[in-house]
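Report on the following structure.
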Amino acid sequence: MHPTRNNLLAASFAAVICLMAIPAFAQGTVTPVLPTPAIGVDATMRDYLQAARAALTANHPGEAQQSLEMAETRALDRSVAQGQTDTAISGPMVTKIAQARASLAAGHRDETIQMIDAALAN
């Protein structure tokens, strides 16, 4: 077999092993290809948080994960001065969404809903 092909196969195998080491992935609560929430492309962070909550109540964790990731992306949108793009964004909303994502990945559905509700209350 060609050396490049061997490297590709080895890398693919290693990636699968790494993914299976993540408990939420192995349990099926986090999916590799996430379903897109049924909201428009102009959706706000709040819209994505509401979509995540609705997906969780409908027992669709993959859609909830995608919605939380999109909410976090919206929370991270900003304008920055040239040369400051490497400065990480922080703030209460970014932290709340990150914590909700971690809770979802750990399989804590009810806790994740509470975290989303707290974020929506702001």
Taking only C-alpha pairs under 8 Å that are 6+ residues apart, what is the relative contact order of the range 31-121 in percent?
29 percent
Which net charge results for the neighbourhood of Ile39, defined as the other residues with beta-carbon distances under 11 angstrom from its beta-carbon, given Lys and Arg at +1 and Asp and Glu at -1?
-2
Once both label points are put 7 Å beyond Cα along the C-beta direction, the Val80-Ala118 separation in nm becomes 2.7 nm
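Bear in mind that the values in this text are calculations on the coordinates, not laboratory data. The model shown is predicted, which means the values in this text are computed figures rather than measured ones. In this analysis, Cβ positions are derived from the backbone assuming ideal geometry, glycine residues included, and neighbour counts consider all displayed protein chains.
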